[in-house]
Structure formats: C-alpha cells, structure tokens
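Student: Input: one structure, supplied below.
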Amino acid sequence: MENKEAYNWTIEAKASLFDLKLNEVWAYRDLLLLLVRRDFVSFYKQTILGPLWFFIQPLFTTIIFTFIFGNLAGISTDGLPKPLFYMAGITAWNYFADCLTKTSTVFRDNAGIFGKVYFPRLIMPLSIVVSNLVRFGVQMLLFLLMMGYYYLSDARFQITWAVGLFPIIVILMALLGLGAGMFISAMTTKYRDLAFLVGFGVQLLMYATTVIYPLSTALDKYPEYAWIIEYNPMTPIIETFRYGFLGEGSFSWGSLGYATGVTIALLLFGILIFNKVERNFVDTV
C-alpha cells in the first residue's frame, strides 16, 4: 500500500510573510552543497591559475595599500607592520563584500532556474555565503602565514584573548552581507539602477570602514566625520578582528553589541523582503 505520508509538500500561492520555510531549507541541504560546488568549479574552471587567485587578489591589494596609504600617504597603522595591518582589514572586508555583492544579484543571475524549478529560494543566497567561506578560509591561511613571517622577524604584535571571538566575527560578517544582499536583490527586481550602484558603492563603503586606517586615527584627526565610520557596523567587526589577532584595535563590547544588533535587524528585514518578492519576481525581473 502506498505511503501517503511520504508526499507531504504543499505548494500554495499565498503564505504568511513570516513563514520562512526553514524546514524546507534544511530538507534541501543536499542542493545547498551542490550549489556551493557549482559556484566553486564554474568560477575557476577555465582559468590558468585556478584557486591561486584566492591568494593573488589580497596579496596584490595589500602591496598597493602598503605603498599608497602606508608609505606615500603615511597613514598610521597603530605601530603594526603595514602589510600585516592591511592584510587583516582586506581579509575581513573581502568576505563581507563578496557575500553582499554576489547575493545582491541572486534574482537576476538565477531567473532561469527560479522560473522552472521549485526549491526554497533562500537556498541560493545561503549557498553564496557558504561558497565564499571557502575563499575566506584560503585568505585566512595567507594572513596566518604572514603573521608567522612577522613573528619570526620579531615584529611588534600579539594575539589576545579576543581571538576566541573569531567564529562570532565570521558569522556576523556572513549574516551582515547576507541580509544587505538579500534586501538589495529584492529591490533590484523593480529598481534596476540599484544593480549599478552596488559595484562602486561597496568600494566607497570600504573607505568608510577601518580597512586602511585604524579607528583611533579617524577619531583623532577627523572627529566631526568619525561618527560615520564609528557607526558603520563593519568597523567594530574589523577592529575586533585586528585586536584579536594583532593586539591593536578599538575593541569594546558595546561596539560589538551594536554591530550584532544591526546585523540581526538587517538580516531579518532582508529575509522578510526577500520572502515577499520571491513569490512574484519572475513577472518583473
């Protein structure tokens, strides 16, 4: 006798806005892993250097930042070796920026799949965050190797207790990029101009974050504008990252709590907007 309980999925035209269908996301976890593998393989399939680009991009960016901002502009790095200071900021920023930019175009990039096959749409942005985590792990390895080199060179830095917050920092970067990316992706189905703003907007946002300068320098030299940097939720995350691994940074529980609150609020708002738009985005994308 046929087991009717095996067929228990109901596809409805209308559902509650707050029904995130997380049970379906978990049921489709195998699809999540396949999408992660697809992103990794397709991105480097026809490249000569392949995964070595994971190392090349942050390494060359660090060299340029060291020459321009560290040597020519003479911006302070709180006494830390300049390449190590910039590598820390670049490693953290790249993961957030990748999650944001790639998630922000998820509806446009996957319209063909969404229009033909049913699966929880939340799977797609989640797969982007997870696949970017692989790249982040490789860049973290490069950062740790650089730390080892400067440690053997007797450079002035120290690992502090805050390094134990590293898993929380990674989760905050991922969720912040995911929430902002889903919100922008939902908006671009109706307002196409946002897609053009994301690319250079993320680059401009980097300069309002403590990637190329410490927060202490911004507060000291430009106190009237420093609040923009201080209330950027990525600033406490990067400062905590540097404080944990290098012993320098403006760490405080209040700032980290603020970043956590903004991340949670933006994530929930992004998921709700994403959940609303994904029902009829095929008609507008």
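Student: If PHE143 meets every condition in (1) closer than 22 Å to ARG38 by Cα; (2) outside any loop (DSSP other than H, G, I, E, B) apart from one, which number is that one?
Tutor: (1)
Student: Within the range 157-198, track down each residue that is out of contact with any helix residue (DSSP H, G or I) (no Cβ under 9 Å at 6 or more places or on another chain), within 19 Å of PHE245 (Cβ to Cβ) and either modelled with pLDDT under 90 or not in a helix (DSSP H, G or I) (or both).
Tutor: Matches in the range 157-198: none.
Student: Still on this structure, I have one more. In the range 235-251, what residues are in contact with a Phe, Trp or Tyr (Cβ under 9 Å, 6 or more places away or on another chain) and outside any loop (DSSP other than H, G, I, E, B)? Steps first, please.
Tutor: Within the range 235-251, the first condition is being in contact with a Phe, Trp or Tyr (Cβ under 9 Å, 6 or more places away or on another chain), and the residues that meet it are 236-251.
PRO236, ILE237, ILE238, GLU239, THR240, PHE241, ARG242, TYR243, GLY244, PHE245, LEU246 - these are the residues of the range 235-251 that are in contact with a Phe, Trp or Tyr (Cβ under 9 Å, 6 or more places away or on another chain) and outside any loop (DSSP other than H, G, I, E, B).
Student: Looking at the structure I just gave you, is LEU246 crowded, with 16+ Cβ neighbours inside 10 Å, among the aliphatic types (A, V, I, L, M) and touching a Pro at 6+ places or on another chain (Cβ under 7 Å)?
Tutor: Numbers: crowded, with 16+ Cβ neighbours inside 10 Å: yes; among the aliphatic types (A, V, I, L, M): yes; touching a Pro at 6+ places or on another chain (Cβ under 7 Å): no.
Taking the combined requirement at face value, the residue does not satisfy it.
Student: Okay, moving on. What number goes with the only condition from (1) surrounded by 15 or more Cβ atoms within 10 Å (Cβ to Cβ); (2) modelled with pLDDT of 85 or more that TYR149 does not pass?
Tutor: Every listed condition holds for TYR149 apart from (1).
Student: So is THR91 of a type outside the set (A, V, I, L, M, F, W, C) and either surrounded by fewer than 21 Cβ atoms within 10 Å (Cβ to Cβ) or at pLDDT below 85 (or both) or not? Quick ask: steps written out before the conclusion?
Tutor: On the way: of a type outside the set (A, V, I, L, M, F, W, C): yes; either surrounded by fewer than 21 Cβ atoms within 10 Å (Cβ to Cβ) or at pLDDT below 85 (or both): no.
No; evaluated as a whole, the condition is false for this residue.
Student: Another question about this same structure. Here are some residues: TYR191, TYR150. Which one is closer than 22 Å to PHE69 by Cα and of a type outside the set (A, V, I, L, M)? Steps first, answer last, please.
Tutor: Numbers: TYR191 fails: closer than 22 Å to PHE69 by Cα.
The match here is TYR150.
Student: Let me spell it out: the conditions are (1) over 24 Å from ALA155 (Cβ atoms); (2) in a helix (DSSP H, G or I); (3) at pLDDT 85 or above, and ASN232 meets all of them except one. Which number is the exception?
Tutor: Failing condition for ASN232: (2).
Student: Just to be sure I understand the filter: pairs with C-beta atoms under 9 Å, separated by 6 or more residues or on different chains, first member in the range 225-253 and closer than 16 Å to LYS82 by Cα and without any contact (Cβ under 8 Å) to a residue 40 or more places away in the chain, second member among the hydroxyl-bearing types (Ser, Thr, Tyr) and part of a loop (DSSP other than H, G, I, E, B). Which pairs pass?
Tutor: Between residues of the range 225-253 that are closer than 16 Å to LYS82 by Cα and without any contact (Cβ under 8 Å) to a residue 40 or more places away in the chain and residues that are among the hydroxyl-bearing types (Ser, Thr, Tyr) and part of a loop (DSSP other than H, G, I, E, B), the close pairs are GLU239/THR210; GLU239/SER250; GLU239/SER252.
Student: Okay, next question. Give me the pairs: first residue in the range 76-104 and at negative phi, second residue of a type in the set (D, E, K, R) and surrounded by fewer than 23 Cβ atoms within 10 Å (Cβ to Cβ), beta-carbon distance under 7 Å, and six or more apart or on different chains, which are they?
Tutor: LEU80/GLU248; ASP98/ARG135
Student: For the range 64-106, which residues satisfy the criterion of being part of a helix (DSSP H, G or I), of a type in the set (Gly, Ala, Ser) and over 29 Å from GLY181 (Cβ atoms)?
Tutor: At the first step, the residues of the range 64-106 found to be part of a helix (DSSP H, G or I) are 64-72, 82-103, 106.
Those still in the list that are of a type in the set (Gly, Ala, Ser) too: 70, 88-89, 92, 97.
GLY70, the sole residue that qualifies.
The values are calculated or read from the model by the stated rules, or taken from the named source; none is laboratory data. In this text the structure is predicted, and so the values were computed from the model without any measurement. Here the Cβ is made from the backbone with ideal geometry for all residues, glycine too, and neighbour counts use every protein chain on show.
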